[in-house]
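Just so it is clear, none of the values below were taken in a lab; they were calculated from the coordinates. Just so it is clear, the structure is predicted and the values come from calculations on it, not from any experiment. Ideal geometry is used to build each Cβ from the backbone, glycine not excepted, and the neighbour counts take in all protein chains shown.
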Amino acid sequence: MTDGMFRRRHERFLVPEEFNRNSPTVASLMPPEESGRWLLERMRRHLGAWSYRRWSLLDFGCGVRFTQAILNERLPIGEYAGVDCYGPMIEFLRTQVKDPRFTYRHLDVRNPMYNPAGEALGPQARLELPARHYDVACMFSVLTHQDPEDARQILALLRRHVRPRGRLFFTCFLDEAIPSFEDRSPERNAGRCFYNPGFLEDLVRASGWQVAGRFAAHAPLIGDSYACRPA
Ligand SMILES: C[S@@+](CC[C@H](N)C(=O)[O-])C[C@H]1O[C@@H](n2cnc3c(N)ncnc32)[C@H](O)[C@@H]1O
């Protein structure tokens, strides 16, 4: 499909407000297209790539932001797979995004804040996506809402879908002063999860990854972040 065809068929990809998954602080500063572009660019630089034009990208806990940014800003990407536990939003994306580069999967797993009625995430969890296929897997503001066991399961799940020379990039909240993990949300529902960096890096290694880089937060757009490669 040429760029011209895209322009004629899809003027602008609009998302109902109920599917917005981003913090009110970031949403009030700039449109999702702008923060999405900024984050994709940030990830590209931290992964040391000159472009993401050819990437197959697996976006876990995808929300809608990267879809909006890629479609509405016409960002170049090879292939995009979005996974999320929010069924109605994934259904919306599956039915409304017509671009063949995009695929979406609903994963009905439990998260105390986002999907309390879902199934516990265990080693049996599967993504209906090709194994050892993706150049990059990413999680933006996802491990910030996971307890250590769920984080470990998700990291191990993603490992199966990234190709041997692929990469993982994720954001998190780090605090050297805590021994391991702390959920600082008032409801203790995984609303704001902090990790000790050494403890989190052990989880990363136990899930089949090695740490390739750690990067400081740039508030309010991005928390601390890690680049990893398959171990
Ligand atoms: C704060 S939002 C971030 C959305 C997107 N990554 C972004 O940066 O715009 C977190 C997303 O992760 C999803 N999520 C949280 N836990 C999940 C899990 N265990 N499995 C799949 N999706 C999950 C939520 O439904 C939500 O869409």
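Residue by residue, what Karplus-based ³J(HN,Hα) values in Hz, rounded to whole numbers, does the stretch 110-117 have, using 6.51, -1.76 and 1.60 with θ = phi - 60° and x for Gly and Pro?
Result, ordered by residue: 6, 9, x, 8, 8, 7, x, 8 Hz.
Tabulate in residue order the Karplus-calculated ³J(HN,Hα) for the stretch 126-142, using 6.51 cos²θ - 1.76 cosθ + 1.60 with θ = phi - 60°, rounded to whole Hz; enter x for Gly and Pro.
Values per residue, Gly and Pro as x: 10, 9, 7, 9, x, 7, 6, 10, 7, 6, 9, 10, 9, 9, 10, 6, 10 Hz.
Using 0.36 nm per residue of separation minus the Cα-Cα distance, give me the extension gain between Leu29 and Asp108 in nm, one decimal. Working shown, then result.
Details: separation 79, 0.36 × 79 = 28.44 nm, distance 3.13 nm.
So the extension gain works out to 25.3 nm.
If you wrap a convex hull around the alpha carbons of the stretch 116-188, what volume per residue comes out, as a whole number of Å³?
Output value, Cα hull per residue: 115 Å³.
Each residue of the stretch 44-57 in order: what ³J(HN,Hα) in whole Hz does its phi give by Karplus 6.51 cos²θ - 1.76 cosθ + 1.60, θ = phi - 60°, with x for Gly and Pro?
Values, residue by residue: 4, 5, 5, 8, x, 9, 7, 7, 10, 3, 9, 5, 9, 10 Hz.
Assuming R0 = 35 Å, can you tell me the calculated FRET efficiency for the pair Ala217 and Glu18, based on Cβ-Cβ distance, to the nearest 0.05? Don't skip to the end; give the middle numbers.
On the way: r = 28 Å, r/R0 = 0.81.
Computed FRET efficiency for Ala217 and Glu18 comes out at 0.80.
Please list log₁₀ I(q)/I(0) at q = 0.19 Å⁻¹ for the stretch 184-230, using the Debye equation with identical point scatterers on the alpha-carbon positions.
-0.74
Cα axis of helix 87-96 to longest principal axis of the chain: angle in degrees, 0 to 90, nearest 10?
With both axes taken from Cα atoms, the answer is about 20 degrees.
Pull up all non-local amide H partners of Cys138: gap of 5 or more, or a different chain, and H-to-H distance under 5 Å with H placed in the peptide plane.
For Cys138, the qualifying residues are Leu58, Asp59, Phe60, Phe169.
Show me 139-147, 104-112, 87-95, 164-172 ranked by packing, highest mean number of other Cβ atoms within 10 Å first.
139-147, 164-172, 104-112, 87-95
What is the chain's relative contact order, in percent, from Cα pairs under 8 angstrom and six or more apart in sequence? The partial results should precede the final answer.
Numbers: 423 pairs, mean separation 36.7, N = 231.
Here the relative contact order equals 16 percent.
Helix 148-159: angle to the longest alpha-carbon principal axis of the chain, degrees 0 to 90, nearest 10?
50
Check which residues have an amide H placed less than 5 Å from Leu174's amide H, if you skip close sequence neighbours.
Counting only residues 5 or more places away or on other chains, the set is Tyr195, Asp224.
Assuming a ≥ b ≥ c are the square roots of the Cα gyration tensor eigenvalues, decide whether the stretch 22-170 counts as rounded (a/c under 1.5), prolate (otherwise, with a/b larger than b/c) or oblate. Each step should come with its number before you reach the end.
On the way: a/c = 1.43, a/b = 1.19, b/c = 1.20.
In terms of gyration-tensor shape, rounded.
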